[in-house]
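Structure record follows, encoded as structure tokens.
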Amino acid sequence: KEKKISPRNVLAVTFTNKAAGEMKERVKELLKGGYFSEPWMGTFHHICVRILRVEIDKIGYKKSFVIYDDSDQLALVKKIMKEKEISTDQFNPRAMLAVISKAKGELQSVEDYISGESFFERIVAGVYEAYQKTLRDNNALDFDDILQKAVELFQKFPDILEKYQNIFRYILVDEYQDTNHAQYVLINLLAQRHRNLCVVGDDWQSIYSFRGADVRNILNFEQDYPEAKVIRLERNYRSTQKILDAAHGIISKNLRRKDKKLWTDKAGEHNIVVKRISDEQEE
């Protein structure tokens, strides 16, 4: 209201449905009695599905596409492995699916991946190719396709990209340290035109590299957007100063990190105790 910006021109992206739900409730309260539209709010997948339901026919899919969940994906991989006589004892189907998922998160198409040289890569490439063909034949996407196909759509059709760039004039991304390559490319395509991008995140909390998260996305943000203003949120409301000092002593040894020094009003009476335990039950 203060800046006279239409909520329709705001895109807010979160990582979980719970966070998106909470954000929607708060925004509804803020917009009471003044606006007839709401910002686009949701997870990366939610936003991309909304776009693809309108535009996916441009890249050869029907708008009535279905989305395969985890069990559908695993069943399909197992079926392909059986057809190709690939031993599920020698090659774990879940591991195979994880490799395919990682490739898609890095925007590697079947053609990109098929050039792999190792024996395992060649096996995965064959499964990946059959997996993707089956999805296409069934007018289906898996979770990783949702992002990959949105990026493909914007890269192949500049007019469609421009349409959504003009809708999403102001973009907010939460937990930016957890974005993977596909999410990074998607957001930067959308923000390219107006460059009104606000990201919230903490490189010190980047723990999801095993799921494809790339901490370089947040570490390099000021290189991507040199005009950006950086606001450090250094006050902590949860921990005592002793815990913050100990954490800083460890994390400050990271070679690549953002500089900050957390502080709190909570002094705390207790020292930190280090204890070695044998298993999760004892923990």
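The values are calculated or read from the model by the stated rules, or taken from the named source; none is laboratory data. On a predicted model such as this, the values are computed, not experimentally measured, just so you know. Positions of Cβ are generated from backbone atoms using ideal geometry, with glycine treated the same way; all protein chains shown enter the neighbour counts. For accessibility, only protein heavy atoms count, side chains too; no ligands or nucleic acids. Shrake-Rupley method; radii C 1.70, N 1.55, O 1.52, S 1.80 Å.
Here the peptides 10-20, 66-76 are ranked by packing, the mean other Cβ count within 10 Å, and the order with the highest first is 10-20, 66-76.
Of interest is the spacing of the C-alpha centroids, which for segment 207-283 and segment 152-190 amounts to 28 Å. Here the accessible area of segment 1-138 is 51 percent carbon and sulfur, with a 1.4 angstrom probe and all protein chains present.
Between the residues Leu189, Ser206, Leu262, the greatest Cα displacement towards the positive end of the dipole of segment 149-265, with unit charges on the Cβ of Lys, Arg, Asp and Glu, is found for Leu262.
Between Ala12 and Trp40, Met41, Gly42, Leu172, the built amide H atoms are under 5 Å apart, and every one of these is 5 or more places off in sequence or on another chain. For the chain, averaging the sequence separation of C-alpha pairs within contact (under 8 Å, six or more residues apart) and dividing by the residue count gives a relative contact order of 17 percent. Once the 1.4 Å probe is applied to the protein heavy atoms, the chain comes out at 62 Å² accessible per residue.
In the assembled protein chains, Asp224 presents an accessible area of approximately 50 Å² (probe radius 1.4 Å).
Taking the average, over residues, of other Cβ atoms within 10 Å as the packing measure, peptides 126-132, 79-85 rank 126-132, 79-85 from highest down.
Relative protection proxy for 180-193, 227-240, 251-264, from highest mean packing down: 180-193, 251-264, 227-240 (other beta-carbon atoms within 10 angstrom). Going through (1) 30, 29, 16; (2) 36, 30, 18; (3) 37, 26, 17, the figure that equals semi-axes √(5λ) of the Cα gyration tensor in Å as computed for the structure here is (2). Simple point charges give the picture: +1 on the Cβ of Lys and Arg, -1 on the Cβ of Asp and Glu, and for the chain a dipole about the Cα centre of about 1080 debye.
In sequence order, segment 192-209 has phi-based couplings of 4, 6, 9, 6, 9, 10, 10, 10, 10, x, 8, 4, 6, 10, 7, 10, 10, 4 Hz under the Karplus curve 6.51 cos²θ - 1.76 cosθ + 1.60, θ = phi - 60°, and Gly or Pro positions carry x. In the context of the full protein assembly, Glu280 retains an accessible surface of approximately 130 Å², using a probe radius of 1.4 Å and ignoring ligands and nucleic acids. Taking amide H atoms as placed 1.01 Å from N in the peptide plane, the amide H of Ile67 lies under 5 Å from those of Leu141, each 5 or more residues away in sequence or on another chain. Label separation (Asp279 vs Lys62): 5.2 nm, computed from points 7 Å beyond Cα along the C-beta direction.
Figure note: Thr88, Thr134 ranked by solvent-accessible area, largest first, 1.4 Å probe, ligands and nucleic acids not counted: Thr88, Thr134.
Close amide H contacts of Thr240 (hydrogens built in the peptide plane, cut-off under 5 Å, sequence separation of 5 or more or a different chain): none are found. Per the 1.4 Å probe, what fraction of the accessible area of segment 156-232, in percent, lies on carbon and sulfur atoms? Solvent-exposed carbon and sulfur of segment 156-232 make up 48 percent of the total. Between Asn188 and Tyr237, the FRET efficiency estimated from the beta carbon spacing at R0 = 45 angstrom works out to 0.90.
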